[in-house]
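The next block holds one structure in the form of structure tokens; read it before the comments.
Quick note: the coordinates plus some simple rules give every number you see, no bench work behind them. Everything quoted here is computed from the prediction, not taken from an experiment. Don't worry about glycine lacking a Cβ; one is built from the backbone with ideal geometry, like all the others, and counts go over all protein chains shown.
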Ligand code: SF4
Ligand code: SF4
Ligand code: SF4
Ligand code: FES
């Protein structure tokens, strides 16, 4: 998937959870991605964050670092 | 075999059933007790006494015009019509007295005097109520000499048309009263010479269909049925070809052309329409293994005896010459197809798939299930992925329509399904239709809705386009909120703002039924003035006062229900809008009883079922996430394999992975992703990058241009199974003829699994349903015997609800307490700008279905030969575009050309088209943006520009050339 498309999708998810009151947005974002993103998509997201995470919402970066399950 | 179901009680009881206090009367010496308000005719019918009738039918209110149904009632004068006379306590009725017999004979005699006596060669022979009644009243003579009449073109005046032709030669004076047949409708004819002016057709069009296309023109002897206005025929009138009038007509006046050609059927099988999510029940009326006609089934609980043009008439695709009946393979997509045996095709496919998995890994192949196939077939296809490929790469076209419904309702209420049955609309007082166009997309539901609206229920329409429901015959929306595409969340949240800040909430409901913490958060969020209708008016384009009035009506107008469609889901914030809708219903307590609720109108017939059956890559059947070991264990124990705990790829992800080179093989059943999915060029690139694409379909569809294996499919007439409609209703599909290409679709999937080494041994779809019931709690009670007995059943169907569940969340929500979720509006990144200043939104039309693969291969093209671009006259004028001009439609994804239709249904700045024809390929234009939660594509908002053009784009021409190349079939080897 193109990096632009991936960052766009991840940021869209962040845009929802960021606005939810009283939740740990990063944890929710990570949980959502764990539930719906296939391992190779998550791997691409990991790689992108490791490479600096250009274009990603800071909450996505936090989510990846904290709670994203590394693909088997 | 129990396959041939003789419909139970199909008698016409004469007048509609009533509800009321019991009333006891005596008819011909027998006592009968019926509800107050029942007609004498119906009371008699209840005890098996049939009073002769012509103008009465139990799906129409009594009219009382023919006077054939007269009876005598003790203590009353004269001979009242039994159809219009309500019962009374202690009434004593005689249906056969010398006096009424005489009246009836006289009536019949008059009818016959202006009716040809060619019963033997009439298309309704054997199926004509006039004929039956002439027999029933014992008419033996006709004392009128032939005079003025309507049936005899020559004016010679004879009752038999053969005679008439013989006598007419040379002396044809012409008959000024003769009206020729109207054959303009492709499916039925209107022969005025046989009309007895009983008015049933006119009433059916009004009361059942709600179109008001017919009137009785002229008076007395001159009166005849007329479609539309002066100069109209059936085709040019408002008639939508639903067939209700044909069904109602007691004579051959309105008659299916198929019956005219083939004669009357000799048996019938009850089955389910394979088009839309209403899921209408039909009787497939057969003669040998030929289908003579499809007649809506009176006891069908979704349609209650009504139908639309698609289910009723558009089944001819099943015998279209384009159907591919032999399996085909090719090594590369630039080669022509080779016809081969089933065995060779299946082995070729299995070898390739196995090789791909060996080379590129277990997760390099996947499946797409179809919302047009049965539950049993869908279950098997996902089982192929999970149990044979050993991955979760399974998805369904529901991804591209209702996946946000699953997410949104799942998060708020705890189930991914509509809350009501269709009957519920009869109890509703306020209906809000959001992003749906029921008169075109869900016609039979629309007819039932319109009926309720004519009884006084109020309507709110939220749609960028002035859909027909906003104003049509005897229906007018109280409020139409013409929002800018993409601002659904802002509008729904503003409605909630009004309800909360004006104190219109149902506090008792919220306290008892909803999660209080989430409610407090939501209150705080939604009462912020930035969500007020005034604050969002410039964004949404909806006048604040109108929005406020609509919100008040929804909250306080009595039982309020919401029906929504793809105009809600197919957006970047599709899931958020579904959540917003769920919030509205909870705020106002409109959930958990008849007449209220949240109802997704599903596009294709089995969208609900395909989601239920575990088509999604993260969910096992019954919506259980694959991460849960206990859910996996059920299947692991049964299938003897290990289920992958990781979610699989969704359709757009599959295509992305294909372009990246990690996804190589696809088995695609009954779907045409190249035409139906957004951003056609990207889909084509993904397909072209795969090494084994297996298309399993009736026709060489667009996706097959990129396929290596083609497996012929079976139509719904050729297989057994079940469909689940938008009300969660599981309906039987029954095989009425043998599969034309040898195998039903479920058998083909099983053969492919076997070729890959599986040991499946199903011999009938009922065994597949048994496995589904054994493994899925909400289906635990479903089996074919129960479906045969009850006709249909709505899930959950299990020990707690042995006969199914018409209404959900009655006592409490599925998840316990209803959960409010904050719905912040986030603008889509698809924005208009100088290059693309207009917004395109898409939809569908009544006579065509989805990508049109079926309907384009029927006479339905009489109504919709091509896709048109609807554009506001103002936008057209500034671009120099006139009605019917070719225009170029371009977006950042691509461009195409089609013809313009100028209409003020659209607001300026918004254009609209349908996607039924592959030559137009509206999806070349749509982008890869999608719903944040589910990746459901954003079909409904694309920034576009429009300019005059003189013909197809280069891309369209290249596409057509590639398609022609890819569709070549080598003659079979000797
Ligand atoms: S086919 Fe339907 S819409 Fe057309 S005239 Fe008959 S009842 Fe009316
Ligand atoms: S067309 Fe048929 S239903 Fe209509 S008035 Fe004539 S006979 Fe009756
Ligand atoms: S409303 Fe839908 S299910 Fe009913 S006949 Fe029409 S297409 Fe078929
Ligand atoms: S059936 Fe009663 S008047 Fe026609």
Can you sort B:379, B:706, B:178 by how many other beta carbons sit within 10 Å, fewest first? B:178, B:706, B:379
Once the Cβ-Cβ distance between residue B:455 and residue B:829 is put in as r, and R0 is 35 Å, what FRET efficiency do you end up with, to the nearest 0.05? 0.20
On the Cα set of chain B, report Rg and Dmax in Å, please. 29.4, 92
Limiting things to C-alpha atoms, what are the Rg and the maximum Cα-Cα separation (Dmax) for the range B:285-392, in angstroms? 19.7, 56
Could you tell me how far the Cα centroid of the range B:610-627 sits from the Cα centroid of the range B:492-522, in Å? 32
Please list, in order, the residues from the range B:683-712 whose amide nitrogen is less than 20 Å from a point placed 7 Å along the Cα→Cβ vector of residue B:360. B:683-696, B:703-711
Principal axis extents for the range B:722-805, Cα atoms only, whole Å, descending order, please. 40, 28, 22
How large is the Rg to Rh ratio of the range B:732-857 when both quantities use alpha carbon positions and Rh follows Kirkwood? 1.12
For chain B, take the longest principal axis of its alpha carbons; what is the angle in degrees between that and the long axis of helix B:574-587, to the nearest 10 within 0 to 90? 60
What nm value, rounded to one decimal, do you get for the distance between residue B:74 and residue B:958 when each label is placed 7 Å out toward the C-beta? 8.9
Which whole number of Å³ per residue matches the convex hull of the alpha-carbon atoms in the range B:1-121? 156
Enumerate the residues in the range A:5-21 having an amide nitrogen under 18 Å from the point lying 7 Å beyond the Cα of residue A:65 toward its Cβ. A:11, A:14, A:18
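For the range B:838-966, what's the relative contact order in percent, using C-alpha pairs closer than 8 Å and at least 6 residues apart?
Numbers: 254 pairs, mean separation 43.0, N = 129.
For the range B:838-966, the relative contact order is 33 percent.
Set the Förster distance to 25 Å, then compute FRET efficiency between residue B:299 and residue B:238 from the Cβ-Cβ distance, nearest 0.05.
Calculated transfer efficiency: 0.30.
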Quick check: Cα centre of the range B:350-364 to Cα centre of the range B:452-486, how many Å? 52
What is the fewest-to-most order of B:906, B:523 by other Cβ atoms lying within 10 Å of their Cβ? B:523, B:906
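Using the count of nearby Cβ atoms within 10 Å as a rough guide to exposure, how do B:891, B:65, B:57 rank from fewest to most?
Details: B:891 21, B:65 17, B:57 26.
Fewest-to-most Cβ neighbours within 10 Å comes out as B:65, B:891, B:57.
Taking 0.36 nm per residue of sequence separation and subtracting the Cα-Cα distance, how much length would be gained by fully extending the chain between residue B:520 and residue B:688, in nm to one decimal? Display every interim value, and only then the final one.
Numbers: separation 168, 0.36 × 168 = 60.48 nm, distance 5.19 nm.
That pair, residue B:520 and residue B:688, stretches by 55.3 nm at full extension.
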What's the percent breakdown of Cα-Cα distances in the range A:3-65 across 10 Å bins, shortest bin first? 24, 61, 15, 0
At what distance in nm do the modelled label points of residue B:892 and residue B:47 sit from each other, each positioned 7 Å from its Cα along Cα→Cβ? 7.6
Please compute the modelled spin-label separation between residue B:24 and residue B:801, points set 7 Å along Cα→Cβ, answer in nm with one decimal. 3.8
Which percent of the Cα-Cα distances in the range B:547-605 go past 18 Å? 37
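Taking Rh as the Kirkwood radius computed over C-alpha pairs, what is the Stokes-Einstein D of the protein assembly as shown at 10 °C in a medium of viscosity 1.306 mPa s, expressed in µm² per second? Before the final figure, lay out each step's value.
Numbers: Rh = 30.6 Å.
The estimated diffusion coefficient comes to 52 µm²/s.
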dims of the range B:267-343, Cα set, principal axes, largest to smallest, nearest Å -> 50, 29, 21
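Would you calculate the volume per residue, in Å³, of the smallest convex hull containing every Cα atom of the range B:838-966?
Values: hull volume 16.1 nm³, N = 129.
Spelled out: Cα convex hull of the range B:838-966, divided by residues, is 124 Å³.
Please give the per residue volume of the convex hull enclosing the alpha carbon atoms of the range B:403-600, rounded to a whole number of Å³. Let's see the in-between values first.
Numbers: hull volume 20.5 nm³, N = 198.
With only Cα atoms used, the range B:403-600 gives 103 Å³ per residue.
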Could you calculate the FRET efficiency of residue B:260 with residue B:629 from 1/(1 + (r/R0)^6), where r is the beta carbon distance between them and R0 is 60 Å, rounded to 0.05? 0.45
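Over the protein assembly as shown, what is the percentage of antiparallel beta bridges among all DSSP beta bridges, to the nearest 5? Let's see the in-between values first.
Values: 63 of 109 bridges.
Antiparallel bridges make up about 60 percent of those DSSP assigns within the protein assembly as shown.
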Nearest 10 degrees, 0 to 90: helix B:745-755 Cα axis against chain B principal axis: 30
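On full extension of the chain, what length is gained from residue B:110 through residue B:223, given 0.36 nm per residue of separation minus the C-alpha to C-alpha distance?
Numbers: separation 113, 0.36 × 113 = 40.68 nm, distance 1.47 nm.
In short, 39.2 nm is gained.
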Angle in degrees between helix B:403-412 and the longest Cα principal axis of chain B, rounded to the nearest 10: 90
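Could you give the length gained by full extension between residue B:878 and residue B:904, i.e. 0.36 nm per residue of separation minus their alpha carbon distance, to one decimal place?
Working: separation 26, 0.36 × 26 = 9.36 nm, distance 1.48 nm.
Additional length available on full extension: 7.9 nm.
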